[in-house]
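To start, the structure under review is shown below, and the notes come after it.
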């Protein structure tokens, strides 16, 4: 009996304590409201006093009104703070930062009947702070503990659950099971949680291939699913999906010599003469298969950057892709910030299988664009490291060449480089790749010898010229282009041949110094050729 009494007493005490807590909370709210009422009544009393004093003293009206305004601002500020403190548990979604305002505009509906429309690329281009602000507006919990890809995934899922629409795009990679995923070039075509699933039926129905750039509406993953799925296809390779049915396979297209010139000469603002030198020594055309033969520290990466700037400036119709294989991370960042085209990379700390997968995605995407009669340019740095990666990945055949190169290892990089061609009825694929020499590795020499005769244009860099800090360090006598008469006018071509006859007896360093001195006296190559007549 005593135990039951004690339990009853404890329960009654707990109930009384809860009742007292609730009463104190109600009293606090009532006191706050009374204080606000007292603020308003005190303000009215003070205002009446001021009015009476104004009737007596008309000279001090401005000072009194200043006092009134100060009292009003302080009292309203205190009132707002108290109201905000009372309503704080009920207003968890309030944010007042710049990112929140920007996120609020992004979440506004596009029409009366339609919900929010968001593209996957827009979310990926945002900073983590903007994504966190947008996630807080949507009511997503534990925002600070999520990674960027997880934030994007959570925001997209929340928008779809609220009736919004999401459109995404990516490059299709088909897996051995038949289905595929849309990989993002922003993630260097690496698999991630924000990839878009494409079913086997959709691939067969629309005739999709590996490397197709697909754009369409996507849906959130259902129960038991991990990825977003393609719901409605709108574009294939930046065109209507109907054109994908009528395209001809890349291997069935007729290759020709390049006959349309890629204009590389630019205004002489940066005092860089590399593109002007290439125009004179080895002119480039759409569909060129060019090889830049470069010893270490001769400026091959800077030369590729200048070529990329010239292509994007003078040839805006060209789709430019820069592929960096086994490169240093700082060079990748420099290339991404300086080049306007698509830059994808695989750094030296990644496995060889990753280098091969990235190269396959890039070349397949380029082939699909050429099938749609588009002009594509790939700048590869370098084909030597790509061949090394293939040599590591390819199963051993038992036949090893000099330097440790497998006999079957160079077939796939040759297929990559050999895809460059000019197509008969429109479209072209240009590949400008760098090949490393004088590295002290016998394998690099063997790889260069295998690729030596496969290109139709060569630009040879010289270490002696680079040691004297003369750039571009191009060996003029060893550089050239096959069938250059298809790219250059006959009158200009004859002057180029005369220039070669003058330069040929000189040494490599003297020839480059002579050409640079003439470039400094003229603004364009045409002006330089006109000065030759005089």
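The values are calculated or read from the model by the stated rules, or taken from the named source; none is laboratory data. Since the structure is predicted, the reported quantities are computational estimates derived from the model, not experimental observations. Reconstructed Cβ throughout: ideal geometry from the backbone, glycine too, with neighbour counts over all protein chains shown.
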Across segment 415-453, what is the total count of residues that are closer than 24 Å to residue 374 by Cβ and either loosely packed, with under 15 Cβ neighbours inside 10 Å or without any contact (Cβ under 8 Å) to a residue 60 or more places away in the chain (or both)?
6
Taking segment 209-221, which residues are assigned to a loop (DSSP other than H, G, I, E, B) and either at pLDDT 90 or above or assigned by the TED database to the domain that holds residue 370 (or both)?
209, 210, 211, 212
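Check segment 472-485 and report whether any residue there is farther than 22 Å from residue 288 by Cβ and in the same structural domain as residue 321 (by the TED database). Lay out the reasoning, then the answer.
Here is the first cut: in segment 472-485, the residues farther than 22 Å from residue 288 by Cβ are none.
Scanning segment 472-485 turns up no residue that is farther than 22 Å from residue 288 by Cβ and in the same structural domain as residue 321 (by the TED database).
Within the bounds of segment 328-336, is there any residue that is closer than 24 Å to residue 481 by Cα and in contact with a strand residue (DSSP E or B) (Cβ under 7 Å, 6 or more places away or on another chain)? First the steps, then the outcome.
Here is the first cut: in segment 328-336, the residues closer than 24 Å to residue 481 by Cα are none.
No.
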Name the residue that is surrounded by the fewest Cβ atoms within 10 Å (Cβ to Cβ), counting only residues in segment 158-186 that are modelled with pLDDT under 80 and assigned to a helix (DSSP H, G or I).
161
Residue 256: passes all of (1) touching a residue at least 24 places away in the same chain (Cβ under 8 Å); (2) under 30 Å from residue 191 (Cβ atoms) but (2)
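Every residue, every condition in (1) closer than 24 Å to residue 418 by Cα; (2) touching a helix residue (DSSP H, G or I) at 6+ places or on another chain (Cβ under 7 Å), yes or no:
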{"residue": "218", "(1), (2)": "no, no"}
{"residue": "227", "(1), (2)": "no, no"}
{"residue": "238", "(1), (2)": "no, no"}
{"residue": "254", "(1), (2)": "yes, no"}
{"residue": "263", "(1), (2)": "yes, yes"}
{"residue": "266", "(1), (2)": "no, yes"}
Before we move on, is residue 152 farther than 30 Å from residue 246 by Cβ, touching a helix residue (DSSP H, G or I) at 6+ places or on another chain (Cβ under 9 Å) and not assigned by the TED database to the domain that holds residue 353?
yes
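Name every residue in segment 389-411 that is assigned to a helix (DSSP H, G or I) and surrounded by 20 or more Cβ atoms within 10 Å (Cβ to Cβ), in order of residue number. Explain how you work it out, then say what you get.
The first filter runs over segment 389-411 and keeps only residues assigned to a helix (DSSP H, G or I), leaving 389-393, 411.
Those that are assigned to a helix (DSSP H, G or I) and surrounded by 20 or more Cβ atoms within 10 Å (Cβ to Cβ): 389, 390, 391.
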Exactly one condition in (1) surrounded by 15 or more Cβ atoms within 10 Å (Cβ to Cβ); (2) part of a loop (DSSP other than H, G, I, E, B); (3) modelled with pLDDT of 90 or more is not met by residue 190; state its number.
(3)
Here the residues within segment 246-270 that are surrounded by fewer than 13 Cβ atoms within 10 Å (Cβ to Cβ), under 29 Å from residue 209 (Cα atoms) and within 29 Å of the chain's Cα centre (by Cα) are 249
